[in-house]
Amino acid sequence: MNNRNRQAIAQVRQTGQHPAIPVTGSQPATRITEPPVVHPLPPMTPPPAQPPPQTTTEPGRKQPRRRSLVSKQMGFLLLGVGVVVALLVIWNQLLAPALGWGQDQWHYGDSRITQMDANVGHGGTSHFLATFSKGEIVIIEIPLDHPNNDQVYTLTGFLGTSGTPVILLSVQDLAHNGKPDLLVQVEGTSFATVLYNTGKAFSLTAG
């Protein structure tokens, strides 16, 4: 037993504690460390869905209605205006011309001959006939007391519409000389000319 062991035994006997025995050997001392403990997080739950906000209204109070861009009254008014405009167009384009043609057909026939009796100072009452033939207005005056003294007046240069227009005759003192003159017009146009009374016949110039 070497001196170191003897000293250790004596120390145990005196103190009753084991002395620290040095560790000898060829292997170095290793430090054992425990790995850190990772505690898993508790699962996260999504928050509960919030219900949509509810609008509360007072009892007996109705929610205001949305106003439409065009009210029913305005819609009926616009519809009525459209119907009136459509009726006017139909009347001017279809009904009025058809009604005028029917009246002309009833009064003047297919030949569209206008007749008139008037006392123009040519020896009593004269019978007038007027028609449109081959682009010319033809007027015939026949004195009833002297039928052989008839007069024919021809007016040219009238550019009428298709078909046979109606010639309108009237007697007026347009020269203001006390003699009735003959006014010639074409129905449905602005054409108008005057045949001036010379005392025995009519002329295009005032005499």
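The values are calculated or read from the model by the stated rules, or taken from the named source; none is laboratory data. What you see is a predicted model, and the numbers here were worked out from it, not measured in a lab. When we count neighbours, we look across all protein chains shown, and the Cβ atoms used for this are built from the backbone with ideal geometry, even at glycine.
Structure notes:
- One residue stands out in the range 122-145 among those that are among the small types (Gly, Ala, Ser) and surrounded by 13 or more Cβ atoms within 10 Å (Cβ to Cβ): the one that is modelled with the lowest pLDDT, namely GLY123.
- Among the residues of the range 164-207, not one is under 51 Å from the mean Cα position of the chain (by Cα), among the acidic types (Asp, Glu) and part of a strand (DSSP E or B).
- PHE132 meets each of the listed conditions (1) of a type in the set (Phe, Trp, Tyr); (2) under 19 Å from ILE113 (Cα atoms); (3) out of contact with any Lys or Arg (no Cβ under 7 Å at 6 or more places or on another chain) apart from (3).
- Close pairs from the range 135-147: first closer than 17 Å to GLN115 by Cα, partner part of a helix (DSSP H, G or I), Cβ under 8 Å, at least 6 apart: PRO143/ASN149
- Checking each residue in the range 137-193 for being over 14 Å from HIS127 (Cα atoms) and of a type in the set (Asp, Glu) picks out ASP173, ASP181, GLU187.
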